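Written out below as structure tokens is the structure these notes cover.
The values are calculated or read from the model by the stated rules, or taken from the named source; none is laboratory data. Everything quoted here is computed from the prediction, not taken from an experiment. Don't worry about glycine lacking a Cβ; one is built from the backbone with ideal geometry, like all the others, and counts go over all protein chains shown.
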Amino acid sequence: MEIIQIVGIGILATVLILVLKEQKPVFAFLLTTAAGILIFLFLIGKIGTILGTLERVAESSGMEMIHIKTVFKIIGISYIAEFGAQIVRDAGQESIASKIELAGKVLIMVLAVPIISIIIETVMKLLPA
Amino acid sequence: MSWLSSWLHELILVVLMAAFVEMLLPSKSMERYARLVLSLLVLLTMLSPIISLLKGDASKELTVAMQQQERSGGLLNRAEGAPDSLDKILADGRMLAAGARDQSLKLAAEEIAGQMRDQIAGSTGLGGVKVTVALAMGPNPNAPLGEEVPLISSVTVALPPEQSASGGAVQGGGASSLPSAGPIQINPVEPVQVSLEGSGGEGEAQEASSSGGGSAPASSSSGSGTEGVQETQAEEAGTIIQLLEKNWNLDPALIKVQSSGGGTVKS
């Protein structure tokens, strides 16, 4: 039933923002941000459940914890970057939003650096000198 | 065969998880990058037997790299991270190494002391000898330019108190060793006399006073007694020093033999 609540919050916020935009555009932006954060908070518990399940399964099957950690970091970075970029985009600052997205992409790539270095070192060792 | 099953296990799980996580991702723009990292993870898992064969523990290396990233990341904590640089880490490492070396020297010294004690007990028949060995790092005499090696810097042998008493005359009993004894003295308990008030009280009081006053003749005889003690102790010390010198190839100046009282008999 949470989806009804979330859609209700969304529609309510949209109507209020439409009304408020004529009078005070700044407050309309604040309301947008607040509604976005509210919906995100609704979802964060559910995401936690999913990630907890993943972690438990991985732990019980003896998977490397560092892999799980990396995957969780990817999810976290992409969610946060996406959320921030959308808020900024709503305020009309397209260029800053794309910068935030760029930062998210770079941070995800940085996570790959240790993995890439290990794989490359192994491959170099496999090759005849 | 068990490694194969565990490897397959892990591989299947990583692939499943990658597919699942791709669905969780919020937007298309991030998806390409996230997919790259996930596929690298899958590749790492596939290669893990080869990696462990060629390189050692890959997951530990990954963990270290992640921690380094976490520590150096961000705009704000970079300034704090700066002093935690190579110099500090090296200094910490040196300190830890020095601590470990001290501890190992102490352990080795105790071991050597135990062996010396056993040797002394075996060859001279002296029980209860207390041996204290001090080790220090010094230049290797065989290779002067090489690394420092632990050397025995001093050996202290404390002769047991029974030895000094039994070596001398026994006339004085416990009291005879008291004048030459060291700072810690435990006076022997005087025999407890319970005197009932009454007729025999006076005689018993006299007995008590004579046993208490027994220390007077004992102390007078202790003069000749301690000389004998010191002679035998010197002999013992000589044999102990010779023994240690021969068995451990030590400089005799490093060996110190103490009597029970703490006075140096021979060094």
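State the number of residues belonging to the range A:34-52 that are closer than 19 Å to A:GLY92 by Cα and either surrounded by 14 or more Cβ atoms within 10 Å (Cβ to Cβ) or acidic (Asp, Glu) (or both). Walk me through it before giving the result.
To start, the set of residues in the range A:34-52 that are closer than 19 Å to A:GLY92 by Cα comprises A:34-37.
Right, trim to either surrounded by 14 or more Cβ atoms within 10 Å (Cβ to Cβ) or acidic (Asp, Glu) (or both) and you get A:35-36.
Residues that pass the stated criteria total 2.
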Top-ranked residue in the range B:114-164 [being closer than 19 Å to B:ALA100 by Cα, in contact with a Lys or Arg (Cβ under 9 Å, 6 or more places away or on another chain) and at pLDDT below 80; ranked as surrounded by the fewest Cβ atoms within 10 Å (Cβ to Cβ)]: B:MET137
Residue satisfying condition, being touching a helix residue (DSSP H, G or I) at 6+ places or on another chain (Cβ under 8 Å), loosely packed, with under 13 Cβ neighbours inside 10 Å and at negative phi, within set A:GLU22, A:GLU2, A:GLU55: A:GLU2
Failed item in (1) of a type in the set (Phe, Trp, Tyr); (2) in contact (Cβ under 8 Å) with a residue 24 or more places away in the chain; (3) away from every other protein chain (no Cβ under 14 Å), with A:PHE40 passing the rest: (3)
Residue count for the range A:84-116, restricted to those that are within 8 Å of another protein chain (Cβ to nearest Cβ) and surrounded by fewer than 17 Cβ atoms within 10 Å (Cβ to Cβ): 4
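Being of a type outside the set (D, E, K, R), at the interface with another protein chain (Cβ under 7 Å from one of its Cβ atoms) and surrounded by 15 or more Cβ atoms within 10 Å (Cβ to Cβ) is the filter here, so list the residues in the range B:1-19 that pass it.
B:LEU13, B:VAL14, B:MET17
Rundown of residues vs (1) more than 10 Å from chain A (Cβ to nearest Cβ); (2) farther than 23 Å from A:TYR79 by Cα; (3) not in a helix (DSSP H, G or I), yes/no style:
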position	(1), (2), (3)
B:VAL21	no, no, no
B:ARG35	no, no, no
B:LEU38	no, no, no
B:LEU44	no, yes, no
B:ILE50	no, yes, no
B:LYS60	no, yes, no
B:MET66	no, no, no
B:ARG71	yes, no, no
